[in-house]
1. Are any of the residues in segment 109-119 more than 10 Å from the ligand (Cβ to nearest atom), at pLDDT below 95, surrounded by fewer than 22 Cβ atoms within 10 Å (Cβ to Cβ) and closer than 25 Å to residue 194 by Cα?
2. Within segment 208-281, considering only helices (runs of 4 or more DSSP H) that don't extend past its boundaries, which have at least 3 residues that are touching a helix residue (DSSP H, G or I) at 6+ places or on another chain (Cβ under 9 Å) and not charged (D, E, K, R)?
3. Do the conditions hold for residue 309, that is, is it farther than 20 Å from residue 136 by Cβ, of a type in the set (Gly, Ala, Ser), touching a residue at least 40 places away in the same chain (Cβ under 8 Å) and exposed (fewer than 14 other Cβ atoms within 10 Å of the Cβ)?
4. Specify the residue that is farthest from residue 15 (Cα to Cα); the eligible residues are those in segment 54-94 that are in contact with a Ser or Thr (Cβ under 7 Å, 6 or more places away or on another chain) and not hydrophobic (A, V, I, L, M, F, W, C).
5. Among (1) surrounded by 15 or more Cβ atoms within 10 Å (Cβ to Cβ); (2) within 18 Å of the chain's Cα centre (by Cα); (3) at negative phi, which single condition is residue 124 missing?
6. Residue by residue through segment 138-150, note down the ones that are aliphatic (A, V, I, L, M) and touching a Ser or Thr at 6+ places or on another chain (Cβ under 6 Å).
7. Tally up the residues in segment 266-294 that are within 15 Å of the ligand (Cβ to nearest atom) and small (Gly, Ala, Ser), please.
8. Looking at residue 306 and the list (1) within 27 Å of residue 21 (Cβ to Cβ); (2) more than 16 Å from the ligand (Cβ to nearest atom); (3) of a type outside the set (Gly, Ala, Ser), which single condition is not satisfied?
Amino acid sequence: MLMEPMLRSYSGNCTLQESCQVIGNPILERMAALYEEGRRLDDMTIVRIAEYGCAGGENSYQPMSAIISTLRSKHPNLGVECVLEDLPSYQWYQVMQEAERLAWACGGGVHTLCAGTSFYNQICSTESVDLAYSYVAAHFLSETLPLTTHVMMHESAPAETAAWHAQAAKDWENFLLLRARELKKGGKMMISTMSRDSLGYSWQKFSHVVWSGIQRAHTKGILSRREVETLCIPACLRSEEEIMAPFATTSEVGSSLSVDLLEFSRTEIVKERGLPNSVLAPIIRRRVESVWGGMFLRQLNQLGRNEASCRDAMGELWDDFEAEILKDPSAGWVDMQSFFLQVTKN
Ligand SMILES: C[S@@+](CC[C@H](N)C(=O)[O-])C[C@H]1O[C@@H](n2cnc3c(N)ncnc32)[C@H](O)[C@@H]1O
């Protein structure tokens, strides 16, 4: 089964994901300045900047603006082509509205192309991209494998997860190779998404709340055993070792891309944890539902349930989730434990 995009409600519920930009956008500015320093003047008439996994584009505006304004501080007349990429099934009309806002705010000369193609395909022509970035997207895998013992691969029975780890390693290497092909020589890219370490990862605690809710839904007769065993999130939150594995010096990734920096950080929404439980629980419910809900709906639908029945079953699951999170919002999704990787094309 293939990856599904976020629900439309993602647009109104993505401020936690945006918090990564507090760390990432200054990296993008430095990356753009470094890139500019290394180019000849006649190379700086037009640049192509690509974003992979843009969702509705609401979180694209700041990083694109940060890169463009850094480059234009030295080259005021620089032409810019922005490529915003996400899955073909995304609501692209939303992205087009953001594209207009971006061009207007950057003072013109900015043209945006939307690419509805999985980032596990080549998106841009070979050696055509100057600068690129991806926020909170590269943890999603190219396809879902069977996972019957939990919704997250990291919490599932080891017998099931070997195939997932192999898929995740293959996807990460492929993602990097495709981007290496698209970048110009000297081109730079920052990838940031959620990571894990020996202390855990941002989705760990609430994944158990969701999994317990799925079991309760089965006990109440809302979900069949087959449905319980099908629901899962096709994502791998990688460790430092897994992030770095493709960069071994003898590998194709290692010879195409140099690692400039790898940082890890936790970000969250300022003062959010101090909100009363009754306010925070529905916020966390909408946040989780807008990212995980679309995948669950699709997985149920593919087993033969009609769309209305899928929505009813999932509505009950998310009500149950919110009731559990109300008891202890700290078990919900309240921070982003992320990595920030910057690479240069050799
Ligand atoms: C959590 S959203 C992040 C969106 C945005 N970058 C942000 O920072 O808010 C993850 C995005 O990755 C996209 N995505 C997941 N797998 C993808 C794939 N194979 N190709 C392209 N986009 C993908 C999803 O559709 C979704 O829009």
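The values are calculated or read from the model by the stated rules, or taken from the named source; none is laboratory data. Because the structure is a prediction, the values reported are computed rather than measured. So basically every Cβ, Gly included, is an ideal-geometry build from the backbone, and we count neighbours across all protein chains shown.
1. Yes, some residue in segment 109-119 is more than 10 Å from the ligand (Cβ to nearest atom), at pLDDT below 95, surrounded by fewer than 22 Cβ atoms within 10 Å (Cβ to Cβ) and closer than 25 Å to residue 194 by Cα.
2. By residue number, 252-256.
3. Judged against the criteria, residue 309 is not a match.
4. Looking at the filtered set, the residue picked out is 79.
5. The one condition residue 124 does not meet is (2).
6. 138, 147
7. Qualifying residue count, segment 266-294: 3.
8. Every listed condition holds for residue 306 apart from (1).
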